[in-house]
Amino acid sequence: MAGKTEYPKLLELFCVFMRISAITIGGGYVMFPLMKSEVVDSKDWITDDEMVDYYALGQSVPGIIAMNTATLIGYRKRGIPGALAAAAGMAAPSLVVILLIAAFLTPYFEHPWVQKAFAGIRAAVVAMIVMAVWQVGQKSVNSLTKGAIAVGSFLAIVALGMHPVLMILAGGLLGAVLFRKEAKA
């Protein structure tokens, strides 16, 4: 089991995930680098490989990637109470911001300056998504076979219009077959 803090306090789980959620704009892919920095590099709650696995699982099941991943990490560290604390921490900032926006800022969305600010934010978010892809790719696509699965899945989704869920299932099936010997080692 990884971790300097084997059983972090529930309040610490809540606060770490609340901080991640509060300072990140752009969703789960954008949160990956910050979440990794916090829970792997800083807190040492999980390993790099576990982070990639939890993110992959968080993306593969219904729901919000960052919320799913936070819940899995919370569960890993403190069971159901940890999962609830991590999920609550991840949800709290968004809930507050959405309520504030709905209450006070909705009339200003069409203002040209607000639109220009959002255009800049969207461009910055693309950079964060690319960074997350790079970090996950370095850990996950570390062989020619894994690279072929990644490229093939990408092409099947983009060029052939295959559904991403089918690619996740196909990737899992290919992994189970092609990496069977690695799992036994």
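Here, each number is a calculation from the coordinates, and none is a lab measurement. As the structure is a computational prediction, the values presented were derived from the model and not from experiment. Here the Cβ positions follow ideal geometry from the backbone for every residue, glycine too, while neighbour counts run over all protein chains shown.
On the basis of being farther than 30 Å from Ser37 by Cβ and either in contact (Cβ under 8 Å) with a residue 12 or more places away in the chain or surrounded by 11 or more Cβ atoms within 10 Å (Cβ to Cβ) (or both), does Met131 make the cut?
The answer is no for Met131.
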Contact list, first residue from the range 22-51 and within 21 Å of Tyr75 (Cβ to Cβ), second anywhere and part of a loop (DSSP other than H, G, I, E, B) and among the aliphatic types (A, V, I, L, M), beta-carbon distance below 7 Å, six or more apart or interchain, is Gly28/Ile64; Val39/Ile46; Val40/Ile46; Asp44/Ala2; Trp45/Ala2; Ile46/Ala2; Thr47/Ala2; Glu50/Ala2
Subset tally (residues that are surrounded by 14 or more Cβ atoms within 10 Å (Cβ to Cβ) and under 16 Å from Phe32 (Cβ atoms)) for the range 48-94
23
How many of the residues in the range 117-147 are assigned to a helix (DSSP H, G or I) and hydroxyl-bearing (Ser, Thr, Tyr)?
2
Return yes or no: is Ser153 in contact (Cβ under 8 Å) with a residue 40 or more places away in the chain and either loosely packed, with under 14 Cβ neighbours inside 10 Å or part of a helix (DSSP H, G or I) (or both)?
no
Criterion: assigned to a helix (DSSP H, G or I) and closer than 30 Å to Val39 by Cβ - qualifying residue of Val114, Val97:
Val97
Would you confirm, using the coordinates I've provided, whether Gly172 is surrounded by 14 or more Cβ atoms within 10 Å (Cβ to Cβ) and over 24 Å from Ile25 (Cβ atoms)?
no
Give the residue, chosen from Lys146, Lys139, that is closer than 26 Å to Leu34 by Cα, in contact (Cβ under 8 Å) with a residue 12 or more places away in the chain and of a type in the set (Lys, Arg).
Lys139
